[in-house]
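Remarks on the structure that follows.
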Amino acid sequence: MSNELVKQGELTQAQIELIRKTVARDATNDELKLFLYRAESLGLDPLKPGQIYFIKYGNSPGTIVVGIDGFRAKAVRTGKLSGIKRGVLRNDKGQCIGAWAEIYRSDWQHPAREEVNMQEYNTGKHNWLKMPETMIKKVAECAALRMAFPDDLGGVYAPEETGQAQEANDMSSVKGVQLHGVIPLS
């Protein structure tokens, strides 16, 4: 099985074993194959922090998680990303009620802009409790990156955007892992 994986991509046997022992712990052979295929097809490196992760709890199917750095790396590789701006939206009392992000492309006159509402995403748990403004800005940025680069990021979502992803995020926070983008394997 491992020789088959080495032939599929540019990873060495030693790198695949390192991924199996660290990044994709507890992955079945098929899940590992799918994870490595997905990482390769997205052009992300499982050995680089913040790009792509494999998460599995108990006997449940694994989940492929794309980090904010993976989103950004994909956008940069298009050669068309010319800037990112993001910030929080505040009400008249100064409270954060959401976030916005603008993604600038060199071939567009205007940026892709996305605004997201805090109430739609904030779970009040874990990182949302500790740093809600950072979390909501990530949601806005991921949504805007997906809007600006649909061919490259279509179907890739931040964990805060989906129910299943939020469950994975809740569980991972207990173990100290911060997740930013999710692709379920099931």
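The values are calculated or read from the model by the stated rules, or taken from the named source; none is laboratory data. All values derive from a computational prediction rather than experimental measurement. Cβ sites come from the backbone with ideal geometry, for glycine too, and all protein chains shown count toward neighbours. With ligands, DNA and RNA removed, areas are computed over all heavy atoms of the protein, side chains included. Shrake-Rupley method; radii C 1.70, N 1.55, O 1.52, S 1.80 Å.
On a per residue basis, the range 62-128 carries 55 Å² of accessible surface, using protein heavy atoms and a 1.4 Å probe. If you wrap the Cα atoms of the range 18-163 in a convex hull and average its projected area over all directions, you get 9.8 nm².
Expressed as a whole percent, the accessible area of the range 3-90 that falls on carbon and sulfur atoms is 50 (1.4 Å probe). Each residue, Gln13 and Arg90, gets one label point 7 Å from its Cα in the Cβ direction; the gap between the two is 5.9 nm. Taking label positions 7 Å along the Cα-Cβ direction at both Tyr37 and Lys21, the computed distance is 2.7 nm, reported to one decimal. Applying the Karplus relation 6.51 cos²θ - 1.76 cosθ + 1.60 with θ = phi - 60° to the range 128-145 yields 3J(HN,Hα) values of 5, 6, 7, 8, x, 5, 5, 5, 5, 5, 5, 4, 4, 5, 4, 5, 5, 5 Hz, where x marks Gly and Pro. Note on Ile84: accessible area is roughly 70 Å² with a 1.4 Å probe, heavy atoms of protein only. Go through Lys21/Lys137; Lys21/Lys80; Lys48/Lys138; Lys74/Lys138 and tell me which ones have a Cα-Cα distance over 26 Å in this structure. The pairs that break the limit, which is 26 Å between Cα atoms, are Lys21/Lys137; Lys21/Lys80.
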